[in-house]
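Computed from the coordinates by the stated procedures, all read-outs in this text should not be read as laboratory data. Remember, it's a predicted structure, so these values are computed and weren't measured experimentally. Here the Cβ positions follow ideal geometry from the backbone for every residue, glycine too, while neighbour counts run over all protein chains shown.
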């Protein structure tokens, strides 16, 4: 299978759309640092380090878009897709002040001195050292977040992006299937997590990003860090893993029960009940996905089912998060977020029930909102899986 | 060998020192997000995600230090070393506004309403979404960077930290020795980089962080991203790799020449000359390290040697960066940084010479400033290494 790639011409389209949105929002410029927004707008990926890399997208008509990079990164910057025409690369020297450099670039592009710039938006992940530095070099500017203008276009995944998300999801499916079906008893969570990391890369990921392996009582801690606890028969394991593949994220959770082949060590009756409630809640939330439904309404569907069964206080997190160039991005499926889901939104649906000190479970799939309802990217079964371990 | 760990009691000492420094700087509080400062002050390591995690360190005498985390991360937060006494964990719910929550925590600790807070410092890596949110919830506060008060204490590595840096350096040494001594010809840079990543973990790193493999003309791009270029006999390779081990960074660069066992494909005469200049410049810069010398003076030593040989314009980056809980941190060895080096500073010394379109070379070691001069943590030889590949 050939991995889909984003055609170079698409970056110019994305930039044009972003500039129009930024102009409409009354901004003088978008200022985008290393991270998902920069990958989205320019196809440029770099280490997020202490030297400033910033895409300066002024809204003044006809003004150039400039990718400001440290000189020692000039070669990779000039090789990025957007540098083929949509973006000019400008380099600063080690002994220059990059904040003043950006001020000068912005002043030249907008035809006004830096102190007369009124409003800019910075990428949400920009480091405080850059934010405060830019606030000093643009003293008259109101600062807001670039997501306000970029979120709408980043949410709507095109076919290539969905294809990459699907490939990432299938790769993660294979990792969970292999790890959960293999030996578990007697191994530490950390050892299993190390296997997860290796397998994510072996299955095609560029990079593993997270590898939650929560066994026994640790399954009740949603963001548990894999520990030196040794897995035993007669307990559940929450496996929540993901990484980046072709720049797009995977994120899957399955909860299995390890019985060591002994029926007496099979699922605790309360776990069976809890899991059945969770399974139904997750399925109902997925089924509720359609264009126009409020993000919080999908959360409410999962929460209502879990609450009706008496586990409401044990479902201590939101139902899901968007996924794409970031593992967590818009839209968030959480109470208070009334924005409607739209075609080509991609997000997780991942309710969980956690009985602190005893056990917990979570089921997570990545879903794309299709014209006619949900499109599941993960294909691994969701029924309670009792493994020998 | 047992890996050194940071004793739990040390976090209380670090916090006390940080509070005193912050009070001395006229700050009402330090606000520290996920990252190296949080690991340093509280021993708490978490994924840097969109949900706010913030250590609130008020300077008011007797006020509690609070680690604010999303509720679903309460369990790992309460298990961090500082939570054993020095720090109280407070959790916010998914539907709460974490910025207002922090404002309330700070108000309670300082005995003043949030709008009356005058001055705070935020960790340098804090996301713009959090910085701008905090600026809204603390509208009267002047914002500065936490590094201003933390940099001095973070620079001075204690014996446990140096031991971890040494272990990381030795592990990275072994990886370079193995990779450079193995098969190279006919492999892509990306394939060699994948081997580097695996070996860094196999040699004890928690995580590989970077894996520059620049062959042929790519050796002249300092931050080259390993590509699909196939390595051939008769060219150099810059190998610049590192990761985190026990929370502390490794970072080593060696440049080798691949000759395929054929003397006719041995080092180009200009490369031999360039490398000899670089070798001497790096050694001279290392030898110049001693307490009290200005950081920029070490840079000047390397630059003078390279400039005298006519390669000055081809040394396009600073000579080095501090290393510890971050791969790049204070002190930076760069023109303009007149601050003196001090005992227990740890940093890289890594001059390079780059002839664009042809070839380049860099030699990098991690050095600790000892009472009597430099202590080299890397032990791999620095002479021109011609490998069969």
What full-extension length gain, to one decimal in nm, is calculated for residue A:376 and residue A:178 as 0.36 nm per residue of separation minus the Cα-Cα distance? 69.3 nm
Under the rule rounded for a/c under 1.5, else prolate if a/b exceeds b/c, else oblate, using alpha carbon gyration tensor axes a ≥ b ≥ c, segment A:246-330 is classed as oblate
Where does helix B:98-110 land angle-wise versus the long Cα axis of chain B, in degrees 0 to 90, nearest 10? 60
Candidates A:12, A:295, A:281: whichever shows maximal mean-square fluctuation once chain A is modelled as a Gaussian network with Cα springs under 10 Å: A:12
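With a 10 Å radius around each residue's Cβ, average the other Cβ atoms per peptide and rank B:3-10, A:319-326, highest first. Provide the component values of the computation, followed by the final result.
Working: B:3-10: 14.5, A:319-326: 24.9.
Highest to lowest by the protection proxy: A:319-326, B:3-10.
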Cα coordinate range in segment A:191-261, projected on the principal axes (Å, largest first): 38, 23, 20
On average, how many beta carbons from a partner chain sit within 10 Å of the beta carbon of a residue in B:222-228? 5
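Can you tell me what share of the DSSP beta bridges in segment A:9-153 is antiparallel? A percent to the nearest 5 is fine.
Values: 8 of 20 bridges.
In segment A:9-153, approximately 40 percent of DSSP beta bridges are antiparallel ones.
Over all residues in A:65-74, what is the mean tally of Cβ atoms on other chains that come within 10 Å of each residue's Cβ? Working shown, then result.
Numbers: counts 0, 0, 0, 0, 1, 5, 3, 9, 6, 5.
Other-chain Cβ atoms within 10 Å of each residue's Cβ, averaged: 3.
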Can you classify segment A:156-387 as rounded, prolate or oblate using the Cα gyration tensor, where a ≥ b ≥ c are the square roots of its eigenvalues, rounded means a/c under 1.5, and otherwise it's prolate if a/b beats b/c and oblate if not? oblate
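With a/c under 1.5 counting as rounded, go ahead and sort the protein assembly as shown into rounded, prolate or oblate using the C-alpha gyration tensor (a ≥ b ≥ c being the square roots of the eigenvalues; past the cut-off, prolate if a/b is larger than b/c, else oblate). Please report the intermediate quantities before stating the final value.
On the way: a/c = 1.41, a/b = 1.32, b/c = 1.07.
Rounded.
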Rounded to 10°, Cα long-axis angle of helix B:295-308 versus longest principal axis of chain B: 20
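How much FRET efficiency would the formula 1/(1 + (r/R0)^6) give for residue B:160 and residue A:207, where r is the Cβ-Cβ distance and R0 is 30 Å, rounded to 0.05?
Working: r = 29 Å, r/R0 = 0.98.
That pair, residue B:160 with residue A:207, gives E of 0.55.
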Mind checking the full-extension length gain between residue B:112 and residue B:13? Use 0.36 nm per residue of separation minus the Cα-Cα distance, one decimal, nm. 33.0 nm
Round to the nearest 10 and give me the degree value, 0 to 90, for the angle of helix B:9-24's Cα axis relative to the longest principal axis of chain B. 80
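Averaged over its residues, how many other protein chain Cβ atoms are within 10 Å of peptide B:212-220's Cβ atoms? Working shown, then result.
Numbers: counts 1, 0, 1, 0, 0, 1, 2, 0, 1.
Average per residue, whole number: 1.
Take the alpha carbon atoms of chain B, find their radius of gyration, then divide it by 2.2 N^0.38 Å using N residues; give the quotient.
Details: Rg = 23.2 Å, N = 389, 2.2 N^0.38 = 21.2 Å.
Working it through for chain B, the quotient is 1.09.
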Rounded to the nearest Å, the spacing of the alpha-carbon centers of segment B:221-245 and segment B:258-297 is 17
In the protein assembly as shown the DSSP beta bridges are antiparallel at a rate, in percent to nearest 5, of 75
Need the C-alpha centroid separation for segment A:108-136 versus segment A:178-209, integer Å. 43
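Give the calculated FRET efficiency between residue B:142 and residue A:84 to the nearest 0.05, with a Förster radius of 35 Å applied to their Cβ-Cβ distance. The partial results should precede the final answer.
Numbers: r = 43 Å, r/R0 = 1.24.
Once the sixth-power term is evaluated, E becomes 0.20.
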